[in-house]
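Each reported figure results from applying straightforward, stated rules to the coordinates on display, with no laboratory input. All of these numbers come straight from a predicted model, not from anything done at the bench. When we count neighbours, we look across all protein chains shown, and the Cβ atoms used for this are built from the backbone with ideal geometry, even at glycine.
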Amino acid sequence: MHFPTLHLLSIVASLAVLSKAYSDDVFEARDYIDELSTRTDAVLSSLSTRELITELSERLDRRKEDRSTKFECTKCLAISKTGAKSKTCPKSSDGWHSWAKTSK
């Protein structure tokens with residue numbers, strides 16, 4: 001089997017270009033991820049433990065408040081925890097509930 005030199009040379013050149021392009025992208029992506037993690041570490045190290053705990057406590061308190069919120073249909077007075085659309089309202093003309101937040 002005989003391979004012409006020009007065909008063999010073009011195959012080798014294309015493989016070399018492909019491998020070079022692949023390796024550059026991998027290293028640039030790795031450098032970018034390293035830079036992001038360094039920035040994140042610097043931001044977190046500037047905060048004290050007390051500030052972190054205060055922020056987490058506030059977020060947990062807000063999350064608890066959101067769970068106590070309920071929704072009430074303004075037409076049939078049905079109650080829902082999520083307020084998701086459901087087509088079961090007997091008193092509306094289109095069949096959809098019309099949810100409004102309540103503090104019950």
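Things to note:
- Fully extending the segment from residue 11 to residue 48, taken as 0.36 nm per residue of separation minus the present Cα-Cα distance, adds 7.5 nm.
- Model label points for residue 81 and residue 57, set 7 angstrom from Cα along the Cα-to-Cβ axis, are 2.7 nm apart.
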